[in-house]
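Nothing in this text is a laboratory measurement; each read-out follows from the coordinates by a stated rule. Quantities reported herein were computed from a predicted structural model and do not represent experimental measurements. Positions of Cβ are generated from backbone atoms using ideal geometry, with glycine treated the same way; all protein chains shown enter the neighbour counts.
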Amino acid sequence: MNDRIVKLNNYLVALDESRGPQLEIAAHLPLINAQPMEGVDRLPTISLAPEDSNLEKTIKEIFENINFPEEKMHYFLKGYYHAKNNLGYSKEDLRKALEYGYAKGREGDFTSEQEESFYKSLRGPKTPVGFDRIDIKNGVWVGDWIY
């Protein structure tokens, strides 16, 4: 059974459309530190980005290419893990953001067109549009995300 997924402020929700125009939340997935909804089934977690076993090496290479102080890498790693795991940004997005931030700091403010072009260049997270439900086990849906 395919269920439609909608993104609300801090949740992905599967809507029960069987009641016609009166939609009901059938299941949910809390996002960005949101509390689970009481009495509502849960959707399975989403892996937003593939694992990167060479992350520190990659970041060191990026830092070297833009002459960024390596002692700042620890702080950047924390931010990257958050962006990757919670928001779904890729390693390429990370590289672009570092280079953009470094250039902005070196050259001053950019025009709004330059900033818009940068933000559009990021792949960013994909939000699923549906869920192919196979079963429900212990209140957690089993199946596949549809993008």
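Can you flag which of K7/K57; K91/K137; K60/K120; K7/K120; K7/K104 are past 30 Å Cα-Cα?
Numbers: K7/K57 35 Å; K91/K137 34 Å; K60/K120 25 Å; K7/K120 20 Å; K7/K104 32 Å.
Distance filter (> 30 Å) returns K7/K57; K91/K137; K7/K104.
Within 10 Å, Cβ to Cβ, of L23, how many net charges do the neighbouring residues add up to if Lys/Arg are +1 and Asp/Glu are -1?
My count for the surroundings of L23 gives -1.
Where does the charge balance sit around V40 when Lys and Arg score +1, Asp and Glu -1, over other residues with C-beta under 12 Å from its C-beta?
Details: positive: R42; negative: D16, E24, E38, D41.
Combined, the nearby Lys, Arg, Asp and Glu give -3.
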